[in-house]
Amino acid sequence: MSIKIVTLCGSVRPGNYTAMALELVHDEFRKMPGVELIPLRLDGLELPLPGLPAKNPDAIAQFQETVASATGVLLASPEYHGGISSPMKLAIDNLGFPSKLAGKPVSLLGVAAGTIGAIKSTEQLRAICAHIGAVPLPLAVSVANVQQVFDAEGHCLDAGTEKYIRRAARNLIDYINDAVCPKVSLEAILRGQVEED
Ligand SMILES: Cc1cc2nc3c(=O)[nH]c(=O)nc-3n(C[C@H](O)[C@H](O)[C@H](O)COP(=O)(O)O)c2cc1C
């Protein structure tokens, strides 16, 4: 069975650090057999403010369909003014009601310039995900002092932090394999290989 993972980057700033951290997570997903990765970018999507008509409704419909088709989702947000970024909130607000994220396992990644890390943005993401019926994973990966952790080319300068960031990918796949994917195949039942309760 193929596992489809959609990721969303909540920063649209040129040269943003959230994308650098997310790239490590993407690299980790790409190493996993059977995982199809769909990284989504918010710049260029022209998401409408809630309640206003979309300039390109087809693009928004496609955005919703792509998220709806995911087995699991990874949301990566920078910490902006003690919370999630406005592009990330706008993306979630454009995922419909009921949300296309409902029922999806969601891995959380937060990136902050400050020393306390992305505590508030990851907690906000967790609360929003729970509110809309998504399943945020217990471990949210929060990166502090991000501008010292990566160089300008996006190389991670700290091996321990890199391992921790990559964990956001493994976590999601472990959850999907252990909790979401069916453990019993129909074929096994039909062949009588599964004992009845
Ligand atoms: C509007 C704005 C607000 C910010 N507020 C915070 C903050 O509250 N705490 C913090 O640690 N860093 C804050 N930052 C710095 C970001 O965390 C920093 O830019 C970091 O690199 C992640 O954002 P990026 O992915 O856009 O690069 C802020 C940056 C911007 C642009």
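Computed from the coordinates by the stated procedures, all read-outs in this text should not be read as laboratory data. Keep in mind that this is a model prediction, so the values were computed, not measured. Positions of Cβ are generated from backbone atoms using ideal geometry, with glycine treated the same way; all protein chains shown enter the neighbour counts.
Things worth noting here:
- Low-density loop positions, GluC sites (Glu not before Pro), the range 1-89 - DSSP coil, at most 13 other Cβ in 10 Å: Glu46
- Cβ crowding within 10 Å, taken as a proxy for footprinting-reagent exposure, orders Phe63, Phe97 from fewest neighbours to most as Phe97, Phe63.
- For the chain, average projected area of the Cα convex hull in nm²: 13.1 nm²
- Using the rule -39500 (n - 2.57) for each DSSP H run of four or more residues, divided by the residues of the chain, the 222 nm mean residue ellipticity is -11000 deg cm²/dmol.
- When Arg13, Arg170 are sorted by how many other C-beta atoms sit within 10 angstrom of their C-beta, beginning with the fewest, the order is Arg13, Arg170.
- Summary of the geometry: the range 7-77 and the range 155-183, compared by the centres of their Cα atoms, lie 18 Å apart.
- For the range 3-190, relative contact order (Cα pairs under 8 Å, six or more residues apart, normalised by length) works out to 23 percent.
- Lysine pairs in the chain whose alpha-carbon atoms fall under 21 angstrom of each other, counting only those eight or more residues apart or on distinct chains, come to 11.
- Listing Met32, Met20 from fewest to most neighbouring C-beta atoms within 10 Å gives Met32, Met20.
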